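Here's the structure we're looking at; comments come further down.
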């Protein structure tokens, strides 16, 4: 049965585009994280929503190590910066995994991702445009830093703004969306 990778809704056979997201539907069943139940990409090693190392990855042949404690196996990755973490250095808050950088926890709860791209340079341009409009912004990449993967959820680069600026930022980006339709603006 076809489903939408953006919103997870399933559609009848024959449907090709999600009417809500305008995203091309894919065949099969939506894949969800075992830990947080959010939608994930089939190729994902870590859940981009909670940071947990996905079960099928742990059972596979990949040897994923903690970036701080190279002798220890990774149990997840920071949902803000993508740094792999082990049991001894992971910080878990409200079901999400972070590295030991306290700023990342604060960023995750006081800031929101306003849009995502697959390239760092595009995210930097969006950040500069937001800042020129007086909206504070920052860029965080969740690209897989250990394996240099540039596809799927392992290549997500997000532009983040303070929560209280999110609506203004979304309006600003929506006004420029016609010029760059490939970026995904979060609401």
task = Report, by residue number, each residue of the range 1-46 that is in contact with a helix residue (DSSP H, G or I) (Cβ under 8 Å, 6 or more places away or on another chain) and not in a strand (DSSP E or B).
result = 34, 40, 41, 42, 43, 44, 45
ask   = Across the range 81-106, what is the total count of residues that are surrounded by fewer than 20 Cβ atoms within 10 Å (Cβ to Cβ) and assigned to a loop (DSSP other than H, G, I, E, B)?
value = 9
Tally, over the range 5-22, of residues that are farther than 30 Å from residue 75 by Cβ and either surrounded by 14 or more Cβ atoms within 10 Å (Cβ to Cβ) or more than 21 Å from the chain's Cα centre (by Cα) (or both) = 12
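Table: residues versus (1) in contact with a strand residue (DSSP E or B) (Cβ under 7 Å, 6 or more places away or on another chain); (2) modelled with pLDDT under 85; (3) more than 21 Å from residue 95 (Cα to Cα).
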{"position": "9", "(1), (2), (3)": "yes, yes, yes"}
{"position": "12", "(1), (2), (3)": "no, yes, yes"}
{"position": "16", "(1), (2), (3)": "yes, no, yes"}
{"position": "26", "(1), (2), (3)": "yes, yes, yes"}
{"position": "33", "(1), (2), (3)": "yes, no, no"}
{"position": "36", "(1), (2), (3)": "no, no, no"}
ask   = residue 63 fails exactly one of the following numbered conditions: (1) under 17 Å from the mean Cα position of the chain (by Cα); (2) farther than 24 Å from residue 3 by Cα; (3) free of Cβ contacts under 8 Å to residues at least 40 places away in the same chain; (4) in a loop (DSSP other than H, G, I, E, B). What is the number of that condition?
value = (1)
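Would you call residue 123 surrounded by 15 or more Cβ atoms within 10 Å (Cβ to Cβ) and within 23 Å of residue 168 (Cα to Cα)?
Working: surrounded by 15 or more Cβ atoms within 10 Å (Cβ to Cβ): yes; within 23 Å of residue 168 (Cα to Cα): yes.
Yes.
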query = Among the listed residues 48, 2, which satisfies the condition of being in contact with a strand residue (DSSP E or B) (Cβ under 7 Å, 6 or more places away or on another chain) and surrounded by 12 or more Cβ atoms within 10 Å (Cβ to Cβ)?
reply = 2
query = Somewhere in the range 117-137, is a residue closer than 30 Å to residue 73 by Cα, part of a strand (DSSP E or B), at pLDDT 90 or above and in contact with a helix residue (DSSP H, G or I) (Cβ under 7 Å, 6 or more places away or on another chain)?
reply = no
request  = Would you be able to tell me the number of residues in the range 66-80 that are without any contact (Cβ under 8 Å) to a residue 40 or more places away in the chain, touching a strand residue (DSSP E or B) at 6+ places or on another chain (Cβ under 6 Å) and part of a loop (DSSP other than H, G, I, E, B)?
outcome  = 4
key: Subset of the range 147-161 that is crowded, with 17+ Cβ neighbours inside 10 Å and not in a helix (DSSP H, G or I) - its residue that is modelled with the lowest pLDDT   = 156
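The values are calculated or read from the model by the stated rules, or taken from the named source; none is laboratory data. Just so it is clear, the structure is predicted and the values come from calculations on it, not from any experiment. Don't worry about glycine lacking a Cβ; one is built from the backbone with ideal geometry, like all the others, and counts go over all protein chains shown.
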